[in-house]
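What follows draws every value from the coordinates through simple rules; no lab data is involved. Worth saying up front: this structure is predicted, and the values here are computed from it rather than measured. Every residue, glycine among them, receives a Cβ derived from its backbone with ideal geometry; neighbour counts consider all protein chains shown.
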Amino acid sequence: ILVLPILDVHTLVELMSKVIHPQSNLLKQTDAYPKPHNVLLGYFKLFLSPTDVNKQYRIENNEIRQITEDFPMDGTIVVEIIGNYLSLFKDYVEKHIKEAEKANQLTFLYILTVPAMWDARAKELMTQAAIHGGLVKNNQRQNMLMITEPEAAALSCEMSYKYHNKGATANFIVCDAGGGTVDLVTFRLEKDDNENDVIFQLGDGEGDTCGSTYIDDEFKEYLVNFYRPVGLDMPNNSADFNQPMKTFINELKPKFEPYDGNDSHVIVNLGRPIPSGYDKKGQVINGKRLKIRRKDMQEKIFDPTIDRVEELIKTQIGKLEKGKIDVIILVGGFSKNSYLRQRLTRTFLPIKIVIPDNAVTSISEGAVSYALKPRMIIT
């Protein structure tokens, strides 16, 4: 894990979710960018359960498909990759905790959050990766807990769904909308004989690679297609995209409001000016600023990804054999997107769409809550 003050938070988070392989090269790195002959891998955690990669996530996802074609992602290799990543993560976290606590001897209890659809084998492989990474020793497994990501979110959001549903029982979906994937699980809240809350998981979860970074990809593709007709065939990784992408990710995407019938525009500063005389559609101001119609922004950049999120939720709702869904709890970084919230609220009325105050950190907070006060979600 590398501290990079020159990068914004979004970039740092994205780098932290990927690894450079082979690991021997990673340990020699002095910066966060892969040198020649190294391979930047994402989605590596998913391959602890390859059956679910094929079943739950779209194989047409280019990055996942490329990984499956280029690397034999068997359990041994993935355990090594994740173990090496966890080793660096452990050193980084423990260093900062010890500095803050000013203590030489601390006992650590690790709580790992994993996808809801993982079976026992995938969880055991994750445990092996944690052992490989030095989080615990094989005979110290009691110093590590494991909980699924939607379960952690459900525990973190207990007050949210109880507040929004006043009845003694409720069916609710936890929608974990992150940067890469969106995962959903349905739960039922009931009271036991002692009037304590009990949470049951109802059926299997759903997942797809339709997180917020795919909106970023659509925006970059829009820029590539804009430049091509003016004679600038720029590759996706061109540095000229850095500034407009930063503007889109940090400013335009979070606050985007859908097309309302007015012919309004959003303005983006271009990383590379276009030659004079090439702007045939009046899209460019002084060769340096691009005007994008709000309707195009919605239909070409946002809707392809958000349509997939909606379809995923519809599929999950359709699995419920008895009763109805009372609440959809939206967590994860993507949950803060204004347009996503509006779309889901409109599409799924009268179901309440709830975004807790701690939506971005709810999984981590729920995992810690589980460690401090263990309670079960019945599956």
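Data overview
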{"quantity": "Overall form of the stretch 122-272 per C-alpha gyration tensor (a/c, 1.5; a/b vs b/c)", "calculated": "oblate"}
{"quantity": "Efficiency of FRET between residue 240 and residue 307 - r from beta-carbon atoms, R0 35 angstrom, step 0.05", "calculated": "0.75"}
{"quantity": "Which of 48, 270, 145 has the fewest Cβ neighbours within 10 Å, and the rest in rising order", "calculated": "145, 270, 48"}
{"quantity": "Shape of the stretch 213-303, Cα gyration tensor, a/c cut at 1.5", "calculated": "oblate"}
{"quantity": "Count, lysine Cα pairs under 13 Å in the stretch 213-303, 8 or more residues apart or across chains", "calculated": "5"}
{"quantity": "Rounded FRET efficiency, nearest 0.05, which uses the C-beta distance separating residue 221 from residue 194 and R0 of 45 Å", "calculated": "0.20"}
{"quantity": "Contact order normalised by residue count of the stretch 110-153, Cα under 8 Å, 6+ apart, percent", "calculated": "66"}
{"quantity": "Mean separation of Cα contacts under 8 Å (6+ apart) over length of the stretch 230-379, as relative contact order %", "calculated": "20"}
{"quantity": "Over the stretch 170-300, relative contact order from alpha-carbon pairs under 8 Å, at least 6 apart, %", "calculated": "16"}
